[in-house]
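The values are calculated or read from the model by the stated rules, or taken from the named source; none is laboratory data. Just so we're clear, the structure is a prediction, and the values are computed from it rather than from any experiment. Methodologically, a virtual Cβ is constructed for each residue, glycine included, from the backbone with ideal geometry; neighbour enumeration extends over all protein chains shown.
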Amino acid sequence: MLKPNFKEAQKRTKEDIKVLRNEYVISDEMKCFGENKKYFIKTYGCQMNEHDSEMISAILEDMKYSKTNDYEDADLIILNTCAIRENAHNKTFGMLGRIKHLKQTKPNLMVGLAGCMSQEESVVDEIIDKYKWMDFVFGTHNIHKLPEILKEHTKTNKLEVNVWSNEGNIIEGIPSKRDSKYKAWVNIMYGCDKFCTYCIVPYTRGKQRSRMPEDIINEVKDLINQGYKEVTLLGQNVNAYGKDFKDRDYKMENLLEDVAKTGIDRVRFVTSHPWDFTDNMIDIIARYDNICNYIHLPVQSGSSRILKLMGRRYTKESYLKLYKKIRNKLGENSSITTDIIVGFPLETKEDFEETLSLAEECKFDSAFTFIYSPREGTPASKMKDDVSLEEKEKRLYKLNEVINKYAKEANDKLVNKVTPVLLENISEKDPNMLAGYTDTMKLVNVKADKKYIGKIVNVKITDAKTWSLDGEINE
Ligand code: SAH
Ligand code: SF4
Ligand code: F3S
């Protein structure tokens, strides 16, 4: 049994990170382990987790498992979990409750926990204590070891816990079974060293490690050959890409340019920390048509005092300066979204007013807004939190009103305009419509024939709502 250890996960070693290319192997006895069996994966959390689930799927399919979308029909269930807020925890434990019942009627069912919750010492202790009926737990650093973990479990038929507290090296060559045929996630870096005081990610994902540029470019080229139209470069703080290289001077601006030069139709990237956003990056985004004019730029708070407590290392003023620089350079047709936390410890009414005034000033295209959730082990969880939940909920409601007003306003501006949309699938709202995104990441439901799926087409926007647009093909 290998349990995660919080003290270990806090550490940042000076050791060089190696790139390992032959670590993912499936032993002969595991190659047909999943024959005639079905797997189900439930994914919580961010895009990084979604992409990890695509890798877990490919690994299982390499063992001849086939996929099912119905967990009651599965022989193997994996919950790929998120630890960012308490409600993410609650959802996972709720799902485990339902699965426990299923396991009573299907004794051969195997159930595993993966993802960021697996990296939490307290979660794993709880699983060992109260969820002994589960079969295995693995973490974010050893996804490629899944075949071996399953093999170990079959030897003992007992709960197999195998979680590495620290990041290992960079593992290349793990396959992906991508959910979309047109747009793909591409990891460019792992981990995070920013240690914002409220955030658990630096402990669940380890130290920052950038993938080699040539590995990223080759992956993108391969995706183009497979017909992909869009890539999203993924990292917790993509602007810091390359800062950990010791043997070369190659940064996010270089990578963006090289990915743009592959000729892929669309390049996106998430998430940008305001701290590392350079002028050169803005220039490159403006210069290349295929780099989308869409920036997710989390601000977290509009109060410089709270930003300091959060350890974000910028002020309201410096955020606004950067924000305006990006808007000016990318022009009217750009879109900027953000993340905001309300009710951080010691947030006063005045601090919250600063957040509202920032939202009024920026007029974000959209925002994810959250009530602060204390995470065990983080510095903020030890701060005095004197704001009642009722007050926090009121603040969230008020903030959302402002965010929604400007989201609708930004969408209204697009009515009667023609804009390219990558049509991805049948619309969830109407089976006679297709759905896709503009380069500025706005969801559009389009009256169009199925033959347009997978194509970037000009769409005339006919109607605007707060969270989506309607349109028709304009050829
Ligand atoms: N790396 C990204 C954020 C990843 S987490 C960045 O630095 O911008 C996504 C969002 O979850 C964060 O931007 C933040 O708004 C929110 N979040 C993180 N920890 C949280 C917590 N403890 N409580 C509430 N929201 C949190
Ligand atoms: Fe968390 Fe901050 Fe890292 Fe984002 S930059 S993942 S908020 S520690
Ligand atoms: Fe959640 Fe882990 Fe992503 S905590 S937000 S799944 S990095």
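Quick one: would you say Met134 is in the same structural domain as Ile84 (by TED's automatic domain parsing) and either without any contact (Cβ under 8 Å) to a residue 24 or more places away in the chain or touching a strand residue (DSSP E or B) at 6+ places or on another chain (Cβ under 6 Å) (or both)? Considered against the rule, which asks whether it is in the same structural domain as Ile84 (by TED's automatic domain parsing) and either without any contact (Cβ under 8 Å) to a residue 24 or more places away in the chain or touching a strand residue (DSSP E or B) at 6+ places or on another chain (Cβ under 6 Å) (or both), Met134 comes out as yes. The residues on offer are Asn425, Asn400, and the sole one that is outside any helix (DSSP H, G or I) and either more than 27 Å from Ile285 (Cβ to Cβ) or modelled with pLDDT under 95 (or both) is Asn425.
Go through segment 353-382 and report how many residues are within 27 Å of the chain's Cα centre (by Cα) and either in the same structural domain as Lys465 (by TED's automatic domain parsing) or under 17 Å from Lys308 (Cβ atoms) (or both). Here the count works out to 7.
Close Cβ contacts (under 7 Å, 6 or more residues apart or on different chains) running from residues in segment 191-203 that are closer than 9 Å to Gln236 by Cα and outside any loop (DSSP other than H, G, I, E, B) to residues that are within 6 Å of ligand 2 (Cβ to nearest atom) and among the hydrophobic types (A, V, I, L, M, F, W, C) comprise Val201/Cys192.
Against the condition within 17 Å of Glu347 (Cα to Cα) and touching a residue at least 40 places away in the same chain (Cβ under 8 Å), how does Asp386 come out, does it pass? I'd like the intermediate steps shown before the answer.
Values: within 17 Å of Glu347 (Cα to Cα): yes; touching a residue at least 40 places away in the same chain (Cβ under 8 Å): yes.
So Asp386 passes the test.
Per-residue answers, yes or no, for (1) under 21 Å from the mean Cα position of the chain (by Cα); (2) in contact (Cβ under 8 Å) with a residue 24 or more places away in the chain:
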position	(1), (2)
Leu109	no, yes
Cys116	yes, yes
Gln119	yes, yes
Asp125	no, yes
Lys130	no, no
His141	yes, yes
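Of all residues in segment 206-223, those that are of a type in the set (Val, Ile, Thr) have Cβ atoms under 9 Å from Cβ atoms of residues that are in a helix (DSSP H, G or I) and buried (at least 18 other Cβ atoms within 10 Å of the Cβ), 6 or more apart or on another chain, in Ile216/Leu255; Ile216/Val259; Ile217/Leu255; Ile217/Val259; Val220/Val259.
Just to check your reading of the model, which residue among Arg266, Arg305 is touching a Lys or Arg at 6+ places or on another chain (Cβ under 8 Å), of a type in the set (D, E, K, R) and modelled with pLDDT of 95 or more?
On the way: Arg305 fails: touching a Lys or Arg at 6+ places or on another chain (Cβ under 8 Å).
Just one listed residue meets the conditions, Arg266.
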